[in-house]
Ligand code: SF4
Ligand code: SF4
């Protein structure tokens, strides 16, 4: 019940921040992801919230690369990246997390990094006289996963194995 109230309040906030949008489409025209994957359209995500007062949790919202281009160019100053981030959070409550994001969470949890530097990168750094990359404290990262509930969520996502559209 508390969760539902929080979710309704979040949707109300999203709707309020999307209100100034007049559907000019500049966000979609500026979006590098939309250019290569037109099934992800930031303008339609905003339109949905304004028209229905709900967020369409489709899984496509995870395609946003958070580059901020849409926000930068929106004539109405709509905080689109924040809206999309909120939609991702809501979709994660529903367990709608794409497999690649689950994989990435796992990698962070067990290595403390999003990805490992290749031996080529290490070699290049040495050639350039750069210091070795710092080693993350994996124990601390794992503790953060435990304390924030991310570890439990990961287990639930793995069990649900939701495949977003
Ligand atoms: S650029 Fe701004 S006003 Fe135009 S459609 Fe996108 S969010 Fe709406
Ligand atoms: S922040 Fe997301 S929606 Fe906005 S332009 Fe970048 S990829 Fe597209």
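The values are calculated or read from the model by the stated rules, or taken from the named source; none is laboratory data. Here the structure is a predicted model, which means the values were calculated and not measured. Backbone-built Cβ (ideal geometry, glycine too); neighbour counts: all protein chains shown.
Within the stretch 1-12, not a single residue is closer than 16 Å to residue 84 by Cβ, within 16 Å of ligand 1 (Cβ to nearest atom) and surrounded by 15 or more Cβ atoms within 10 Å (Cβ to Cβ). Tell me, yes or no, whether the stretch 53-66 has at least one residue that is at pLDDT 80 or above, within 15 Å of ligand 1 (Cβ to nearest atom) and closer than 25 Å to residue 102 by Cα. Yes, the stretch 53-66 contains at least one residue that is at pLDDT 80 or above, within 15 Å of ligand 1 (Cβ to nearest atom) and closer than 25 Å to residue 102 by Cα.
Once the stretch 16-32 is narrowed to residues that are free of Cβ contacts under 8 Å to residues at least 40 places away in the same chain and not in a helix (DSSP H, G or I), the residue that is nearest to ligand 2 (Cβ to nearest atom) is 31. Within the stretch 33-50, the set of residues being closer than 16 Å to residue 61 by Cα, touching a helix residue (DSSP H, G or I) at 6+ places or on another chain (Cβ under 7 Å) and assigned to a helix (DSSP H, G or I) comprises 33, 34, 42, 43, 45, 46, 49. Here is a check on your reading of the model: is residue 103 under 27 Å from residue 41 (Cα atoms), under 18 Å from the mean Cα position of the chain (by Cα) and not assigned by TED's automatic domain parsing to the domain that holds residue 10? Judged against the criteria, residue 103 is a match. Before we move on, is residue 35 assigned by TED's automatic domain parsing to the domain that holds residue 136 and either within 16 Å of ligand 1 (Cβ to nearest atom) or surrounded by 15 or more Cβ atoms within 10 Å (Cβ to Cβ) (or both)? Answer is no for this residue.
Restricting attention to the stretch 67-110, the residues that are modelled with pLDDT under 85, within 15 Å of ligand 2 (Cβ to nearest atom) and surrounded by fewer than 19 Cβ atoms within 10 Å (Cβ to Cβ) total 0.
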